[in-house]
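What follows is a set of notes on a single structure, which appears directly below.
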Amino acid sequence: MALDELKSAVPDYAKDLKLNLGSVIGNSDLPKQQLWGTVLACAIASRSPKVLRELEPEAKANLSPEAYTAAKSAAAVMAMNNVFYRTRHLLSDPEYGTMRAGLRMNVIGNPGVEKVDFELWSLAVSAINGCGQCLDSHEQVLRKAGVDRETIQEAFKIAAVIQAVGVTLDSEEHLAG
C-alpha cells in the first residue's frame, strides 16, 4: 500500500505527521469519492513529487475516471483562482475587486461529478494555497448544500497533513542530496 510507504518515509522527528497521515486518510469518515478526490487534489497542490507519486495510484484505484479527472481539474483551476483571488484580496486598492476576472473557470460549473465533491476538493486546495476569499466562497457553497462543519474540517485536515508531509519529505530529500 502506497500510504504505508509514504508513512515509512516520514522521518522520526515528524512522527506526528506519520500518525496524522494514517488517521486522516486511513480512518476518515468521508465517503470514498470525497476522500480520494481530496487526497489527489491535495497531493497535486502540495507540489511534492514524492507525495503525488505515492498517493496518486491509490486515488486512481478508488475513483471513477470522471472523479479522477475532476479532482485533477479542481487542483488545476484552484491553482489559478487561488493566486488571482488572493492577490485581488491582498491589494489595498478595492477597485480590483470590482473588475471582471476574465478567466475561464467552466469546470466549476460543470465538473463532471457531484458539485459538493468538487467544492470540497476546491476548498482543500484553497487551504493549501492560502486563499481566504476562495476558502470562504467554497465553505459557503458547501454549507448551503447541507455539508456539516465536520466534513469541511475533515477536508482541510487532509490538506494540512498532505502539505506538511510533502514539505517534510521534499526538505529531507534536498538536505540529503
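Given a 1.4 Å probe and heavy atoms of the protein chains only, how would you sort I158, I44, largest accessible area at the top?
On the way: I158 0, I44 55 Å².
From most exposed to least exposed: I44, I158.
With Cα atoms defining each centre, segment 34-51 and segment 118-177 are spaced 9 Å apart in the structure.
What is segment 7-118 by shape, rounded, prolate or oblate, if you read a ≥ b ≥ c off the alpha carbon gyration tensor as root eigenvalues and call it rounded for a/c under 1.5, prolate for a/b larger than b/c, and oblate otherwise? Before the final figure, lay out each step's value.
On the way: a/c = 2.60, a/b = 1.52, b/c = 1.71.
Because a/c hits 1.5 or more and a/b fails to exceed b/c, segment 7-118 counts as oblate.
In the assembled protein chains, T98 presents an accessible area of approximately 100 Å² (probe radius 1.4 Å).
For the chain, the longest principal axis of the C-alpha atoms and the axis of helix 132-144 are separated by about 90°. Per-residue 3J(HN,Hα) values for segment 39-51, derived from phi via the Karplus relation 6.51 cos²θ - 1.76 cosθ + 1.60 with θ = phi - 60°, read 4, 5, 4, 6, 4, 5, 5, 5, 6, 9, x, 5, 4 Hz in sequence order (x marks Gly and Pro). Seen against the Cα atoms of the chain and their longest principal axis, helix 65-90 is set at about 60 degrees.
The angle between the Cα long axis of helix 115-129 and the main principal axis of the chain comes to about 70°, on a 0 to 90 degree scale. For segment 121-173, the relative contact order comes to 43 percent (Cα pairs under 8 Å, sequence separation of at least 6).
The residues of the chain expose on average 53 square angstrom of accessible surface per residue, using a 1.4 Å probe on protein heavy atoms. Ranking D29, D170, D148, D16 by solvent-accessible area of protein heavy atoms (1.4 Å probe, all protein chains present), from largest to smallest, gives D29, D16, D148, D170. Listed as lacking a disulfide-compatible partner in the chain: C42, by the criterion of no other cysteine Cβ under 4.7 Å. Relative contact order for segment 38-177 using alpha-carbon pairs under 8 Å, separation at least 6, rounded to a whole percent? Over segment 38-177, the number comes to 37 percent. Surface calculation, 1.4 Å probe, protein heavy atoms: M105 sits at approximately 40 Å² accessible. Once a ≥ b ≥ c are taken as the square roots of the eigenvalues of the Cα gyration tensor of segment 58-143, is the result rounded (a/c under 1.5), prolate (a/b larger than b/c) or oblate (a/b not larger than b/c)? Prolate, since a/c reaches 1.5 and a/b exceeds b/c. Electrostatic tally near L120: other residues with Cβ closer than 11 Å to its Cβ, Lys and Arg +1, Asp and Glu -1, net -4.
Rank K144, K72, K15 by accessible area, highest first, at a 1.4 Å probe radius? List each step's numbers first, then the result.
Numbers: K144 180, K72 85, K15 125 Å².
The most accessible residue leads, giving K144, K15, K72.
The values are calculated or read from the model by the stated rules, or taken from the named source; none is laboratory data. Please read these numbers as outputs of a predicted model, since none were measured by experiment. Neighbour counts run over all protein chains shown; Cβ positions are idealised from the backbone, glycine included. Please note that ligands, DNA and RNA were not included when accessible areas were found on the heavy atoms of the full protein model with its side chains. Shrake-Rupley method; radii C 1.70, N 1.55, O 1.52, S 1.80 Å.
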